[in-house]
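Contents: one structure, followed by commentary.
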């Protein structure tokens, strides 16, 4: 005879002493001793669900049963053996009969030696499966409620964040990893490609997110040279599109195909549960949106093999058909030059003409037109003038309006909490009522205080006049064509076909600002 014992996490949470491993084991021993049966082994699985087919004790029991090492299997209840109806039919009603194994569950009187008992076993199987299905739906409802309320429920936070020691459902920046994230965004905006960024991080011995999570230690104490945990362009791409970095908590991105399966499916982005401003941002929202714009642009001007994104990447179009201009190179007498021409012509579809132009000459013309555009429409501003501009003023007013509303909300929540405390002290409400009501007030106050602190920090950053002045100087008095300048000023560039007589070629720029 063999016994089988299973304890799940749910049993521990509910503190079901009767379901403990020790109590189940003693029950099976007593049952065997009363009948004079010799116990071959008692197989045990702890912290496993009854629907999990990968239980080690369960699978060892099945293997030994097939080898004929015992002819009876005893469990406290059928649900201890399995809660999956398919497993009931597969093993209890099929394979055990073929292997000559009798199945007994003590509490619900299931016994395969009694033919009239089969319907009872099937009903037990259905009830156990319904229980699991209901439990799965209840758990989903609770988790979704937490997600909607901005509570982080994952086991591991997004790279760049860590769990708040005072509230594990709230994220705070991890100082070391967050700095790496900021650097990745800055490198990408400077024109560096994802492949080159990953190579740079690997050359500096910075562990990738998986290695950092696994080690649980600071970068200075770890070098990712020997275990193959390298940065890849795919990892960089995921970081560049992660909404959590602007303070938005995005959860519910995957779901299980079934409560019986551990396999997950991707959830469409429109169905994610996203809570705005749930935690402190690592990346400024304007910077994040600029990066998304760059990611989705075409790459006709990318310098293939160098890892450097060209300043005009994704901005150059054919004046006649509107297609992107693709890059190619030509070498004449050892002198290599890069050219652009129409995608439809380049792909030999012959739906358009070449519109060919040398890339370096196009750069020079764009620089000339950009300088002329700036000097015609802009004056050299100071940081103080910028802070007084309409756009900056509107942002500042919106921030101050939100701050004012939050401070009023915090004052109301504080007053309500004080009144609640006074009612408890005066005996108007019981201590239990106070304990039940006060956490919500405290939560509201904490959220208000966190958002106020975040907005005040942003306001302080905007008052960094030296930083603003440097940015203005770079934009209004530039020496080279940078990716930031092109993205900031130019929507797209149209290149016309070269006139075969005059050799002139029209270039038209549509400006953003």
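Can you name the residue in the range 281-307 that is at pLDDT 75 or above and part of a loop (DSSP other than H, G, I, E, B) and, of all such residues, is farthest from residue 170 (Cα to Cα)?
Step one: list which residues in the range 281-307 are at pLDDT 75 or above, which gives 281-292.
Of the ones still in play, those that are also part of a loop (DSSP other than H, G, I, E, B) are 281-284.
Numbers: 281: 13, 282: 15, 283: 18, 284: 19 Å.
Residue satisfying both the conditions and the ranking: 284.
For the range 133-147, the criterion of being modelled with pLDDT of 85 or more and not in a loop (DSSP other than H, G, I, E, B) is met by none of the residues.
Among (1) under 30 Å from residue 277 (Cβ atoms); (2) modelled with pLDDT under 75; (3) touching a helix residue (DSSP H, G or I) at 6+ places or on another chain (Cβ under 9 Å), where does residue 398 come up short? Residue 398 satisfies all of (1) under 30 Å from residue 277 (Cβ atoms); (2) modelled with pLDDT under 75; (3) touching a helix residue (DSSP H, G or I) at 6+ places or on another chain (Cβ under 9 Å) except (3). Test residue 81 against the stated conditions and say whether it is surrounded by 15 or more Cβ atoms within 10 Å (Cβ to Cβ) and at pLDDT 90 or above. For residue 81, the condition - surrounded by 15 or more Cβ atoms within 10 Å (Cβ to Cβ) and at pLDDT 90 or above - is not met.
Going by what's in this entry, would residue 318 be described as farther than 30 Å from residue 198 by Cβ, modelled with pLDDT of 75 or more and within 39 Å of the chain's Cα centre (by Cα)? When the stated conditions are applied, residue 318 passes them.
None of 486, 431, 495 is surrounded by fewer than 16 Cβ atoms within 10 Å (Cβ to Cβ) and at pLDDT 75 or above except 431. Residues in the range 156-212 that are surrounded by fewer than 19 Cβ atoms within 10 Å (Cβ to Cβ) and part of a loop (DSSP other than H, G, I, E, B): 156, 165, 166, 190, 204, 205.
Answer yes if at least one residue in the range 18-26 is in a loop (DSSP other than H, G, I, E, B), at pLDDT 90 or above and surrounded by 14 or more Cβ atoms within 10 Å (Cβ to Cβ), and no otherwise. No. Checking the structure you have, find out if any residue of the range 49-61 is over 22 Å from residue 263 (Cβ atoms) and assigned to a strand (DSSP E or B). No.
The values are calculated or read from the model by the stated rules, or taken from the named source; none is laboratory data. Only a predicted model underlies this, so the values are computations on that prediction, with no experimental measurement involved. Quick reminder, even Gly has a Cβ in these numbers, built from the backbone with ideal geometry, and neighbours come from all protein chains shown.
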